[in-house]
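The values are calculated or read from the model by the stated rules, or taken from the named source; none is laboratory data. This one's a predicted model, so the numbers in the text were calculated from it and none came from an experiment. Glycine gets a Cβ as well: all are built from the backbone with ideal geometry, and neighbour counts include every protein chain shown.
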Amino acid sequence: MATAAATTPTSMTAVLGGDRDEVLASLTQHRLTPANDNGPGQIVAAGTVEQLASFADDAPTKARLMPLSVAGAFHTEHMAPAVDQLERLSRAVSTHPPRIPVVSNRDGELVRDGREVLDRIVNQVSNPVRWDLCMQTMLDLGVTGILELPPAGTLTGIARRAMKGVATFALKTPDQLDEARDFCAEHGSVSEQEVAS
């Protein structure tokens, strides 16, 4: 991904607030990708540095822009060279069906096939992340708790606002491991119905 990021100067900007339709229309107008659709009030725009500068000069109404300190426009077509390399490497990886269904960042769908999980991970490098759809799937499944692994805090923060009543835990340091185990024991059971559905 570092090689892909070095090809063209690219970056990402969090768009906080604003009208969702207006934000998406503005991204299209400036030829940017909504690389992360994180749910109500947060979309991450990604593209070339010039596109992001033009977008900043013409920001959507009531939206606050926060440039991110990243090496490139991840989850966009700018990462396509990295996908090619990862696809070659992934062919050497053997897979098995996951023990519990995996919620895919691509579309919030449950994935039960190990090879498909790996293929989706590889292709996610150059495709937008739909955390909004993942949260909806988890709500539909009746999830009671979400534990976020390091670096943690962003997704659990969004989930607290969008998934009322669902407990969250942002694991940030090794000192929290015992507390994280307790959290998993409380929220980590999977019903047979969820696995079979």
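So the check is Cβ under 6 Å with 6+ separation or different chains; which pairs have a first residue in the range 74-95 that's touching a residue at least 40 places away in the same chain (Cβ under 8 Å) and under 12 Å from ASP119 (Cα atoms) and a second one that's surrounded by 13 or more Cβ atoms within 10 Å (Cβ to Cβ) and not aromatic (Phe, Trp, Tyr)?
VAL83/VAL125; VAL83/SER126
Under 6 Å between Cβ atoms, which residue pairs at least 6 apart in sequence (or on different chains) link something in the range 145-157 that is closer than 11 Å to THR168 by Cβ with a partner that is loosely packed, with under 15 Cβ neighbours inside 10 Å and modelled with pLDDT of 90 or more?
Listed by first residue and then by second, the contacts come to ALA152/LYS172.
Can you name the residue in the range 58-82 that is assigned to a loop (DSSP other than H, G, I, E, B), under 20 Å from the mean Cα position of the chain (by Cα) and of a type in the set (Gly, Ala, Ser) and, of all such residues, is surrounded by the most Cβ atoms within 10 Å (Cβ to Cβ)?
So the first thing to find is which residues in the range 58-82 are assigned to a loop (DSSP other than H, G, I, E, B), and the list is 58-62, 68-76.
Right, trim to under 20 Å from the mean Cα position of the chain (by Cα) and you get 68-76.
After this cut, where a residue has to be of a type in the set (Gly, Ala, Ser) as well, the list is 69, 71-73.
On the way: SER69: 6, ALA71: 13, GLY72: 21, ALA73: 28.
Ranking the candidates gives ALA73 first.
Select from the range 107-127 the residues that are part of a loop (DSSP other than H, G, I, E, B) and surrounded by 18 or more Cβ atoms within 10 Å (Cβ to Cβ) and write down the one among them that is farthest from the chain's Cα centre (by Cα). If you could, list the steps in order and put the result at the bottom.
Start the filter on the range 107-127 by keeping residues that are part of a loop (DSSP other than H, G, I, E, B), which leaves 107-109, 112-113, 125-127.
Next, only the ones that are surrounded by 18 or more Cβ atoms within 10 Å (Cβ to Cβ) stay: 125-127.
On the way: VAL125: 10, SER126: 12, ASN127: 10 Å.
Residue satisfying both the conditions and the ranking: SER126.
Of all residues in the range 148-170, how many are surrounded by fewer than 17 Cβ atoms within 10 Å (Cβ to Cβ) and not basic (Lys, Arg)?
Within the range 148-170, the subset surrounded by fewer than 17 Cβ atoms within 10 Å (Cβ to Cβ) is 149-151, 153-154, 157, 160-161, 164-165, 167.
From what is left, the residues that are not basic (Lys, Arg) are 149-151, 153-154, 157, 165, 167.
The total comes to 8.
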